[in-house]
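The values are calculated or read from the model by the stated rules, or taken from the named source; none is laboratory data. A quick note: this is a predicted structure, and the numbers were derived from the prediction, not measured. Here Cβ is always computed from backbone atoms with ideal geometry, including for glycine, and neighbour counts include all displayed protein chains.
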Amino acid sequence: MFDLGVLPLYIIAYLLGSIPTAVWTGKLFYGIDVREHGSHNAGATNTYRVLGSKAAVPVLLIDILKGVTATSLIHLYPDLLERDTSSFVLVKILCGSLAVLGHLFPVFAGFRGGKGVATMFGMIIGLHPAAAGISFVIFAITYGIWSYVSLGSIVASFAFILGVVFLFKDDRTALIVFAILQFGLILFTHRKNIERLKAGNEKTIRIFSSKRSL
């Protein structure tokens, strides 16, 4: 939906997503640009790898909050669109997607961002909390068994499709299309991780371990 009435929401959503949490945290508190270390990614996983959990946890939570907030912006305009109509859902999807785009290509950090997983998760919380909960459980199980954040993210993303379509039988076309597209985006942004998983040299991340590598 491209009504001029919601255009400010799209701009705000992108700017929210563009807040480079990992980059600013590293530079302000540690004098380090996390994009120059580890996987060179501006996300919570690489922040943990480079700076540890004290830095990574706030980064993760804020990145998730960016997605939730952007997806919920439409609620600031309760009279603009009738709740739960296809247009209402589409605006939520577009706002969340722009936040993810902002995370991937942040205007405040030279358009070098992260992979968008945490912000995407925040987005799906805003769109379908129940299916998001299923995705989180699947992520936790996958990560708990293999300790690969990348694998957990990919499997959880696919689980969101199954949750929306089969478990909760949501028939909103826009939401189903988004569920499929978000899985495609996760596969694309994790293409190098997939190559490393196939080759057997993807690095594990053990949250409860004090060891981390650059």
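When segment 13-54 is filtered for residues that are of a type in the set (A, V, I, L, M, F, W, C), surrounded by fewer than 23 Cβ atoms within 10 Å (Cβ to Cβ) and out of contact with any Ser or Thr (no Cβ under 9 Å at 6 or more places or on another chain), the ones remaining, listed by number, are Leu15, Ile19, Trp24, Leu28, Phe29, Ile32. Close contacts from segment 166-189, counting a first residue that is within 18 Å of Gly152 (Cβ to Cβ) and a second that is part of a helix (DSSP H, G or I) and among the small types (Gly, Ala, Ser), with Cβ to Cβ under 7 Å and a gap of 6+ residues or different chains, come to Gln182/Ser157; Phe183/Ser157; Ile186/Ser153; Ile186/Ser157.
Matching residues to (1) buried (at least 16 other Cβ atoms within 10 Å of the Cβ); (2) within 22 Å of Thr47 (Cα to Cα):
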{"position": "Ile134", "(1), (2)": "yes, no"}
{"position": "Gly152", "(1), (2)": "yes, yes"}
{"position": "Gly184", "(1), (2)": "no, no"}
{"position": "Asn193", "(1), (2)": "yes, yes"}
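For segment 119-131, the count of residues that are among the aromatic types (Phe, Trp, Tyr), out of contact with any His (no Cβ under 6 Å at 6 or more places or on another chain) and without any contact (Cβ under 8 Å) to a residue 24 or more places away in the chain is zero.
Taken over segment 95-130, the criterion of being among the small types (Gly, Ala, Ser) and farther than 23 Å from Ile176 by Cα is satisfied by Ala109, Gly110, Gly113, Gly114. Please verify whether His75 is part of a helix (DSSP H, G or I) and touching a residue at least 40 places away in the same chain (Cβ under 8 Å), treating the condition exactly as stated. Against the criterion (part of a helix (DSSP H, G or I) and touching a residue at least 40 places away in the same chain (Cβ under 8 Å)), His75 does not qualify. The one condition from (1) of a type outside the set (D, E, K, R); (2) within 30 Å of Arg206 (Cα to Cα); (3) modelled with pLDDT of 95 or more that Thr45 does not meet is (3). Taken as a whole, the structure leaves Arg172 outside the set of residues that are surrounded by fewer than 20 Cβ atoms within 10 Å (Cβ to Cβ), over 12 Å from the mean Cα position of the chain (by Cα) and more than 22 Å from His75 (Cα to Cα).
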